[in-house]
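Read-outs throughout are calculated quantities, based only on the coordinates presented, and are distinct from any laboratory measurement. Source: prediction; values computed, not measured. Neighbour counts are summed over all protein chains in view; Cβ atoms, including those assigned to glycine, are modelled from backbone coordinates with ideal geometry.
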Amino acid sequence: MGVVHGHCRSGIDPLIMGNLRRIFLISVPYGWLLLLFLIPFAIVLKISLSDAALAIPPYAPRLEAGSGLKGVWDLLTRFDLENFVFLTQDSLYWKAYLSSVWIALVSVVFTLLVGYPIAYGMARASDEWRPTLMMLVILPFWTSFLIRVYAWIGILGTNGYLNQVLLWSGLISEPLVILNTNLAVYIGIVYTYLPFMVLPIYATLEKLDHDLLEAAEDLGCSRLQAFWLITVPLSRPGVIAGCFLVFIPVVGEFVIPSLLGGSKTLMIGKVLWDEFFSNRDWPLASAVAVILLLILIIPIVLFQRQQQRQQEAEQ
Amino acid sequence: MDAQKAEVFAPWEDSDSKPIIHFQNVTKRFGDFTAIDDLTLDIYEKEFFALLGPSGCGKTTLMRMLAGFETPTEGQITLDGRDIAMVPPNKRPVNMMFQSYALFPHLSVADNVAFGLKRSDMPREEIPARVDEMLGLVQLRKFANRKPHQISGGQRQRVALARSLAKAPKLLLLDEPLGALDRKLREETQFELMDIQEKLGTTFVIVTHDQEEAMTVASRVAVMDNGKIEQVDTPERIYEFPGSRYVADFIGDVNLIEGAIRSVKKTEVEISWAEGLPNLRAAAPDGIEKGQNCCFAIRPEKVSISAEKPEDAANAIEGKVLDIGYLGNMSTYHVELSNGQIIKAQVANQRRLARRAFTWEDRVWVSFTATAGLVLTR
């Protein structure tokens, strides 16, 4: 009855109204993607096909306003893959890509080793403690990421707090060199990305039905066996999600390696920064970014598919 | 069938038989809360024993102590004469079927059933045959390779049963095993459970809040309330001879009439219960005394209802039809007496509805014999 009423008043077929609404709802996320992802990416791609030039902005050719279709055609004919070819010629770039992927993989392993016990502890904590623990995991996000990484310089430095405590306690007689090494980079990454590992694992562990563990014990498992045979396999979706959430941003990370890493720490994010701001070679930097994105598309697609599979399994 | 079985199988009446499980003055406290209060109970081999009670009565705690997930605060639990307080759950010859079934979602049906066997000392090569045997028992061979989320609720229930029986435990605990099934499936499954129990001869202990389920499947029922056992008896005796108001009221439908003993004859007592209404005549229980407060309990199906005062009934009281509850196979008449007490009388619907003898506001007589009800003093 309500439908008939609405039909009379608005004079628009409710079916069409429904379709319009659906189109509107779908258009919001797609518009978002178009505006904030596709268009910027197209601009980066365009710059990567251009040549460096002494101009502002520092590349050529550029599309002149009012030049019409001919101007667009002119532009297209002057594009080339020179920058991408250059990336393959200088070993610095593929070494940086490989090194970034390697550092990201190692970081994922460390983050998992630190994050899983934290998530497990949170999930096993009593109900009144869980919000507090959750808060403690999220709390670091409330201060600037940059400031927190700077703070690690104060901790890890030769005269830093860590060395002072170790010297004072007599465990070491000479200060450890940690800052400006890969170790410092790993510490910084594990620290920064820990919540991305902890939260998805916690989400799966928290859902875990305690009856399953009791059933496993009832059927002859020790506590440890029950953990390996039940808890670990059932928390796998959270572990996979956490690993992707850490791996993907760490590959392109540049703040941590530039602040905590040394001259030997080679990461593609740092290379990109140098090309962009030190060399002011925007086209080459853009090419580095495009390749980085292409490398990351593989894990991103895998991650999406895994998420989708898990959602289907839950239904 | 049940009555026959009870005649053959009644180890609790035989003073020579040893119980498989013995609770001796067991108390369990959680902080200030006493879940089990000084409880003593025997369960015999091959019994199908039901723990029945409302939620929070302690029946689940009792079961979890048998499984090993809780330890008694005081007292002792013995299994086959051995104290099991310090034996962890994975070392007990006891298996449990969980209310949630607790099937492992990442394992196939067959792997779920094999789970316990793989942790036992059964040789690896014998496991598949045992799994197949168990799946045959619950008629799930076809579904061996499915995951739990790919089968129906009733099938999951059977997997849970097969898994908990696979290790051939001395004692199987069933925690509300049929609670999640719809009524029809539940009734079918009750009989299947009984068949399986009889076939295997395993001792079953079932926890349930559904009195019909307990009455159907169990050889004996323990009615629990507030951490204590109110009564342990066969289903027939629990229903026909409840020991207290609580048990009478909890099991089935009952009319409870409060009164006091007016006179005691050899086999009969008279109970005064309402001014201006005749005393009730009832069979005398042992050791009853004049003047004692008591409660007369009578089941609705033992109350007759008629338009005229019946000549030969020991008790007949006039009233008016207040409500009729139509249940299909029978109707429950709520008859209001002159003192406001409502008596429920249940009558089988032998005639079609249109030709029913009484309707609302009719004056009727409710009547019952002296032996139809029970005088309760607790």
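Simple point charges give the picture: +1 on the Cβ of Lys and Arg, -1 on the Cβ of Asp and Glu, and for chain B a dipole about the Cα centre of about 1200 debye.
With a cut-off of 17 Å on the backbone N, the residues of the range B:310-336 near the modelled label site 7 Å out from B:Glu361 along Cα-Cβ are B:319-324, B:334-336. Each of B:Phe143, B:Val94, B:Leu200 was scored by the projection of its Cα onto the charge dipole of the range B:94-250, and the greatest displacement toward the positive side belongs to B:Phe143; charges sit on the C-beta of Lys, Arg, Asp and Glu. Distance between the 7 Å Cα→Cβ label points at B:Ala180 and B:Ala85: 3.5 nm. May I ask which residue of A:Tyr30, A:Asn19, A:Gly66 lies farthest towards the positive end of the charge dipole of the range A:11-94, with charges of +1 (Lys, Arg) and -1 (Asp, Glu) on Cβ and the Cα centre as origin? Farthest towards the positive pole: A:Asn19. Summing charges over neighbours of B:Ala67, with a neighbour being any other residue whose Cβ is under 10 Å away from its Cβ, gives -3 when K and R count +1 and D and E count -1.
Between the range A:79-133 and the range B:191-255, the alpha-carbon centres lie 60 Å apart. With a Förster radius of 35 Å applied to the C-beta separation of B:Glu289 and B:Ile342, the computed FRET efficiency comes to 0.75. Taken about its Cα centre, the protein assembly as shown carries a charge dipole of roughly 1900 debye when the Cβ of each Lys and Arg holds +1 and the Cβ of each Asp and Glu holds -1. Remark on the range B:259-378: Rg and Dmax equal 15.1, 49 Å (Cα only). Other protein chain C-beta atoms within 10 Å of residue C-beta, averaged over A:204-214: 3. Maximal additional length on extending the A:Asp13-A:Leu54 stretch stands at 8.8 nm, based on 0.36 nm per residue less the C-alpha distance. One chain, two ends: A:Leu224 and A:Ser91. Fully extended at 0.36 nm per residue, the span grows by 43.1 nm beyond their Cα-Cα distance. The orientation-averaged projection of the convex hull spanning the C-alpha atoms of the protein assembly as shown amounts to 53.1 square nanometres. Based on Cα contacts under 8 Å between residues 6+ apart, the range B:256-378 shows a relative contact order of 30 percent.
Cβ crowding within 10 Å, taken as a proxy for footprinting-reagent exposure, orders A:Trp152, A:Trp228 from fewest neighbours to most as A:Trp228, A:Trp152. Where in the range B:38-80 does the label zone of B:Lys228 land, with the point 7 angstrom along Cα→C-beta and an amide N cut-off under 20 Å? Residues B:38-42, B:51-63, B:73-76 fall inside that zone. Only lysine pairs 8 or more places apart or on separate chains count here, and in chain A those with Cα atoms under 30 Å apart total 5. Counting only other chain Cβ atoms within 10 Å of each residue's Cβ, the peptide A:226-235 averages 2. When B:Lys167, B:Lys344 are arranged by Cβ crowding within 10 Å, least crowded first, meaning fewest neighbours, the order is B:Lys344, B:Lys167. Between the range B:289-321 and the range A:190-254, the C-alpha centres lie 66 angstrom from each other. Size estimate for the range A:83-314 follows the Kirkwood approach: the inverse of mean 1/r over distinct Cα pairs works out to 20.0 Å. Expressed as a whole percent, how much of the Cα-Cα distance distribution for chain B exceeds 34 Å? Distances greater than 34 Å cover 41 percent of the Cα pairs. The angle separating the long axis of helix B:127-137 from the principal Cα axis of greatest extent in chain B is about 20 degrees. Against the main long axis of the alpha-carbon atoms of chain B, helix B:153-165 sits at an angle near 60°.
Contact order, relative form, for chain A: 25 percent (alpha carbon pairs under 8 Å, 6 or more residues apart, mean separation divided by residue count). Could you point to the residue in A:Asn279, A:Gln308, A:Gln225 farthest towards the positive end of the range A:83-314's charge dipole, with +1 and -1 charges on the Cβ of Lys/Arg and Asp/Glu respectively? After comparing all options, I get A:Asn279. Between A:Phe24 and B:Ala307, the modelled labels are 7.0 nm apart [label points 7 Å from Cα along Cα→Cβ]. Helix B:183-200 axis versus longest C-alpha principal axis of chain B: approximately 60°, rounded to the nearest ten.
Counting 0.36 nm for each residue step from A:Ile248 to A:Arg130 and taking away their Cα separation leaves a gain of 39.7 nm. Comparing mean-square fluctuations of B:Phe30, B:Phe358, B:Phe368 from a GNM of chain B with C-alpha springs under 10 Å, the top value falls on B:Phe30. From least to most packed, judged by other beta carbons within 10 angstrom and beginning with the fewest, A:Glu128, B:Glu213, B:Glu70 follow the order A:Glu128, B:Glu70, B:Glu213. Over the C-alpha trace of the range A:1-125, radius of gyration and Dmax come out as 26.4, 72 angstrom. Per-residue mean of foreign Cβ neighbours for B:90-98 is 4 (Cβ atoms of other chains, 10 Å radius). The GNM of chain B, with springs linking C-alpha atoms under 10 angstrom apart, assigns the highest mean-square fluctuation among B:Tyr44, B:Tyr326, B:Tyr246 to B:Tyr326.
Of the DSSP H helices in chain A, those that are both long (alpha-carbon extent of 20 Å or more along the helix axis) and hydrophobic (Kyte-Doolittle mean at least 1.0) are A:91-124, A:182-207, A:236-251.
Straight Cα distances below 15 angstrom link B:Lys91 to the aspartates and glutamates A:Glu214, A:Glu217, A:Asp218, B:Glu70, B:Asp80, B:Asp83, B:Asp121, with same-chain residues fewer than 8 positions distant left out.
3J(HN,Hα) along the range A:274-279, derived from phi through the Karplus expression 6.51 cos²θ - 1.76 cosθ + 1.60 where θ = phi - 60°, amounts to 4, 4, 6, 9, 7, 7 Hz, with x in place of Gly and Pro.
Using a Förster distance of 35 Å, how high is the FRET efficiency between B:Thr267 and B:Glu13, based on the Cβ-Cβ distance and rounded to 0.05? That gives a FRET efficiency of 0.90.
Remark: spin-label model distance B:Phe69-A:Phe141 equals 3.4 nm, labels positioned 7 Å along the Cα→Cβ axis.
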